[in-house]
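Trainee: One structure, pasted below without further comment.
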Amino acid sequence: MVNTIKSKLLNRGTIDMTSGDVKKTLLIFVFPLLIGNLFQQFYNMVDTMVVGRFMGTNALASVGASSPIIQLLLGLTIGLAGGLSIVIAQKFGSGDIRKTQKSIINGLYLIIIVSVIITILGLLLCRPLFELINTPITIIDGATTYTIILFMGTITTALYNYEAGVLRALGNSMISLLFLIISSILNVILDVLFVVSFGWGIAGVAIATVLAQLISCLLCFVYMRRNFEILHFKKEDLTFNISLVKEHIKIGMPMAFFQSFLSVSFLLVQSALNTLGSDEIAAYTAAYKMDSLMMQVLAAFGSAISTFTAQNYGKNQFERIHKGARSCMKITITLSIIVSLLVYFFGKYFMLLFVGTQETNVISLGVQYLRITSLCYIILGVNFVIRFVLTGVGKTSIPVIVGILEIIIRGLSTYFLIYPLGYKGMAFTNPICWGTSTLLVAILYPKMIKNAEQMKLKNVISKTE
């Protein structure tokens, strides 16, 4: 029965990452993730482009100012979905289909509970948080409107990310790509319709995003139910399993908190940025989209290597994990260098996607930021590979450690760079943060990966005795 289900899954486009050529397996799996993440970032960029082009600098600054608040809370569900997929991938890699099914159901319960809590917190704390970080009076209303609407769609965002996480855990990265492309196209169409044709302003951009994600979520659910036998659950699979929930919490919540810790660190930066002026906020909003784009590229490789690691960890194939880490490292370093050069020399044209040619000060500030940060993408690439390999073997302390460190570094940078030097000081904040956290995870990696292997071997021995 188990082999039959696994065989059908592999015929449906899932990948057993515990066998075959390592580099080829990673590239086949990562390509849809990479395209998907780029599309996801694409429709986030379209939001910004529509606002900047059709509504002006203040509206662009409003959307930019909302980003840290949104990520502070919505990031919890996105990080949690990624963490839950690690547990599912480990169960699937071990060949235990029943436990994989139960793990999927109990992960679903957890993501729904957290989504409801986030929705309530988001709606209650939205405006006070904007006031706390010194959001200018000229943009606070727009930022609040945009954020509230997105929080009303929290459950949709969470469920779609969980669906994509389940598919990744089973080795399928193609189906989530398909529905993400549909969502992206819908988002572009609805953005133009609601903002340009209907004149709904910032609210129209947010509504377009929520509706596009909802449709994508529903389509993905229907397809998965019809085509994946592993998602046909029996009554006993639907029971609340406290031990599985605890396992999900152990691995999933640290990744969720990492996203929020990251957002807290950006809140500190945003608070200082809000004191500089609308041009600086608008420039950072547009320029940071390049960082976000690069992060999405690296996140694709991070998701690939974490799934690869989790499946092979479930099957006790440690040497294969090391080969995968080395291959992924070479690919991400090469890609980071190429992107860094492109951004450094063509950053001005990237800025022109978001603002008109008459906004010379905004363009100049954006290019300044891009030229400084883009040179450090290689550091970020190394960080992602090391961190996600450790996450794949269940080292859940890593995201928490890195998240806390980022709060400390960005906090220090805010007071010792941004306030004294202004916008230029802010441009150095991310490189310093990336460098410090990469150094830390590189130092911790050998000991933690060895510890994970020893713990796994002890569990195997204890089960055989």
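The values are calculated or read from the model by the stated rules, or taken from the named source; none is laboratory data. Since the structure is predicted, the reported quantities are computational estimates derived from the model, not experimental observations. Cβ coordinates were reconstructed from backbone atoms using ideal geometry, including for glycine residues, and neighbour counts include every protein chain displayed.
Trainee: So residue 162 passes all but one of these: (1) more than 18 Å from residue 105 (Cβ to Cβ); (2) of a type in the set (Ser, Thr, Tyr); (3) in contact (Cβ under 8 Å) with a residue 12 or more places away in the chain. Which condition number does it fail?
Mentor: (1)
Trainee: Which one is nearest to residue 98 (Cα to Cα), of the residues in region 235-250 that are part of a helix (DSSP H, G or I) and touching a residue at least 40 places away in the same chain (Cβ under 8 Å)?
Mentor: Restricting attention to region 235-250, the residues satisfying the condition of being part of a helix (DSSP H, G or I) are 235-238, 242-250.
Going one step further and asking which of them are touching a residue at least 40 places away in the same chain (Cβ under 8 Å), we end up with 237-238, 244-245, 247-250.
Values: 237: 8, 238: 11, 244: 12, 245: 15, 247: 16, 248: 16, 249: 20, 250: 21 Å.
If we take residues in region 235-250 being part of a helix (DSSP H, G or I) and touching a residue at least 40 places away in the same chain (Cβ under 8 Å), then 237 is nearest to residue 98 (Cα to Cα).
Trainee: OK, next. Within region 238-265, restricting attention to residues that are under 16 Å from the mean Cα position of the chain (by Cα) and surrounded by fewer than 22 Cβ atoms within 10 Å (Cβ to Cβ), which residue is farthest from residue 426 (Cα to Cα)?
Mentor: 253
Trainee: Further, regarding this structure: So residue 119 passes all but one of these: (1) in contact (Cβ under 8 Å) with a residue 60 or more places away in the chain; (2) in a helix (DSSP H, G or I); (3) surrounded by 17 or more Cβ atoms within 10 Å (Cβ to Cβ). Which condition number does it fail?
Mentor: (1)
Trainee: Tell me, yes or no, whether region 220-234 has at least one residue that is part of a loop (DSSP other than H, G, I, E, B), surrounded by fewer than 23 Cβ atoms within 10 Å (Cβ to Cβ) and either touching a His at 6+ places or on another chain (Cβ under 9 Å) or of a type outside the set (Phe, Trp, Tyr) (or both). Give the derivation first.
Mentor: Of all residues in region 220-234, those part of a loop (DSSP other than H, G, I, E, B) come to 228, 232-234.
Those left that are additionally surrounded by fewer than 23 Cβ atoms within 10 Å (Cβ to Cβ): 228, 232-234.
In the following step, the residues that additionally are either touching a His at 6+ places or on another chain (Cβ under 9 Å) or of a type outside the set (Phe, Trp, Tyr) (or both) were identified as 232, 234.
Yes: one or more hits.
Trainee: Residue 395 is checked against (1) among the basic types (Lys, Arg); (2) under 22 Å from the mean Cα position of the chain (by Cα); (3) closer than 24 Å to residue 294 by Cβ and fails just one. What number does that condition carry?
Mentor: Only one criterion is unmet by residue 395, namely (3).
Trainee: Pairs only if they're at least six apart or on different chains, beta carbon under 7 angstrom, first in region 185-204 and modelled with pLDDT of 85 or more and surrounded by fewer than 16 Cβ atoms within 10 Å (Cβ to Cβ), second small (Gly, Ala, Ser) and not in a loop (DSSP other than H, G, I, E, B); list them, first residue then second.
Mentor: 198/204
Trainee: Would you confirm, using the coordinates I've provided, whether residue 410 is closer than 26 Å to residue 280 by Cα, touching a residue at least 12 places away in the same chain (Cβ under 8 Å) and basic (Lys, Arg)? Before you say what the answer is, go through the steps one by one.
Mentor: Numbers: closer than 26 Å to residue 280 by Cα: yes; touching a residue at least 12 places away in the same chain (Cβ under 8 Å): yes; basic (Lys, Arg): yes.
Considered against the rule, which asks whether it is closer than 26 Å to residue 280 by Cα, touching a residue at least 12 places away in the same chain (Cβ under 8 Å) and basic (Lys, Arg), residue 410 comes out as yes.
Trainee: If only one of 392, 403 is modelled with pLDDT under 85 and crowded, with 22+ Cβ neighbours inside 10 Å, which one is it?
Mentor: Working: 392 fails: modelled with pLDDT under 85.
Criteria check complete, one pass: 403.
Trainee: List, please: which pairs have Cβ atoms under 8 Å, are six or more places apart or on different chains, and start with a residue in region 13-30 that is aromatic (Phe, Trp, Tyr) and end with one that is at pLDDT 85 or above and part of a helix (DSSP H, G or I)?
Mentor: What qualifies is 29/304; 29/307; 29/308.
Trainee: Continuing with this model, one more query. Which numbered condition trips up residue 54, out of (1) of a type in the set (A, V, I, L, M, F, W, C); (2) at pLDDT below 80; (3) over 23 Å from residue 185 (Cβ atoms)?
Mentor: (3)
Trainee: Would a scan of region 11-19 turn up a residue that is out of contact with any strand residue (DSSP E or B) (no Cβ under 7 Å at 6 or more places or on another chain), part of a helix (DSSP H, G or I) and modelled with pLDDT of 75 or more? Step through it out loud before you land on a result.
Mentor: So in region 11-19, the residues out of contact with any strand residue (DSSP E or B) (no Cβ under 7 Å at 6 or more places or on another chain) come out as 11-19.
Then keep just the ones that are part of a helix (DSSP H, G or I); that gives 11.
In the following step, the residues that additionally are modelled with pLDDT of 75 or more were identified as none.
Looking through region 11-19, none of the residues is out of contact with any strand residue (DSSP E or B) (no Cβ under 7 Å at 6 or more places or on another chain), part of a helix (DSSP H, G or I) and modelled with pLDDT of 75 or more.
Trainee: Just one of the numbered conditions (1) within 19 Å of the chain's Cα centre (by Cα); (2) over 30 Å from residue 61 (Cβ atoms) is not true of residue 187; which one?
Mentor: Every listed condition holds for residue 187 apart from (2).
Trainee: Still on this structure, I have one more. Restricting to region 364-386, and then to whatever is more than 21 Å from the chain's Cα centre (by Cα) and surrounded by fewer than 23 Cβ atoms within 10 Å (Cβ to Cβ), can you tell me which residue is nearest to residue 300 (Cα to Cα)?
Mentor: Within region 364-386, the match that is nearest to residue 300 (Cα to Cα) is 375.
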